[in-house]
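Taking it in order: structure first as structure tokens, then the write-up.
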Amino acid sequence: MKLNRILAIVVMVFAMVALVFGVVFIAEGIAKYKLIRDRMEVERVTLPLDPDNPSVMTQVNDAADAQRAADIIASHRRAIAPTYQDLLSQGNGRFDPSNPAHLTYAQAMNLENYLYLAVAAFGLVQVALAAGVFMVVTALALGAVGTVLLRISPA
């Protein structure tokens, strides 16, 4: 029956589309992972991430290290003031860049946000990679189904 052949071809076209999209997602995920890691290495953010050996500085270059580093910085920042509003209430109610506590707080907030953004970016890369792998697996399954349909359909 001709309808079976058409269905087989349509399924195989969907398989090819899924394969192309899957490869693109995987390639982009790998490229963005390398970009994020390389940018973090250029910045050379190092922190004592090993609680058993606080004198050893570890370079932050993955999501787990970035999360731990951001959490450490957040705890240090909160030691200056629990919230930004509390920081402002220590002065005249406004940010004062000449006040060392205000300046340190703001710098800690910037670095903390940079690290949390890296954690989010690494997470998004993992989602893209997982989606790409799923698309490739789906493409293989659709290709197999299309091949079987093509073989069992009469000429």
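Towards the positive end of the charge dipole of the chain, with charges on Cβ (+1 Lys, Arg; -1 Asp, Glu), say which of A66, V45, M16 has the farthest Cα.
M16
Give me the net charge for the shell around A74: Cβ to Cβ below 12 angstrom, other residues only, Lys and Arg +1, Asp and Glu -1.
Once all neighbours under 12 Å are counted, the net charge is +1.
Roughly how tilted is helix 2-43, in degrees to the nearest 10 and between 0 and 90, from the longest Cα axis of the chain?
20
Tell me the label-point distance for the pair I72, M16, using the 7 Å Cα-to-Cβ offset, in nm and rounded to one decimal.
Taking the simple label geometry, I72 and M16 are separated by 5.3 nm.
Can you give me the C-alpha center-to-center distance between region 79-155 and region 1-32, rounded to a whole angstrom?
28
Determine the dipole magnitude for the chain: charges of +1 sit on the beta-carbon of Lys and Arg, -1 on that of Asp and Glu, nothing else is charged, the reference point is the Cα centre, and the result goes in debye to the nearest 20.
The calculated dipole for the chain is roughly 900 debye.
In a GNM of the chain with a 10 Å cut-off on Cα contacts, which of G93, G22, G132 has the highest mean-square fluctuation?
Looking only at G93, G22, G132, the biggest GNM fluctuation is shown by G93.
Among T46, T58, T83, which one shows the highest mean-square fluctuation when the chain is modelled as a Gaussian network with alpha-carbon springs under 10 Å?
Of T46, T58, T83, the most mobile in the Gaussian network model is T83.
Using a Gaussian network for the chain with springs between C-alpha atoms less than 10 Å apart, which of these wobbles most: L117, L87, L19?
The residue with the greatest mean-square fluctuation here is L87.
Ranked by Cβ crowding within 10 angstrom, fewest neighbours first, how are Y84, Y114 ordered?
Y84, Y114
What's log10 of I(q)/I(0) for the chain at q = 0.13, 0.18 Å⁻¹, Debye sum over Cα points only, no solvent?
At q = 0.13, 0.18 Å⁻¹ the computed log10 ratios are -0.74, -1.02.
Sorted from fewest to most neighbouring beta carbons within 10 Å, what does the list I6, I152 look like?
Ranking I6, I152 by Cβ neighbours within 10 Å, fewest first, gives I152, I6.
How far is helix 100-152 tilted off the main Cα axis of the chain, in degrees rounded to 10, range 0 to 90?
With rounding to tens, the tilt is 10 degrees.
All of the numbers you see were taken from the coordinates with simple rules; none came from a lab. Please read all numbers here as calculations on a predicted model, not as lab measurements. Note that each Cβ is placed from the backbone with ideal geometry, even for glycine, and that neighbours are counted across all protein chains shown.
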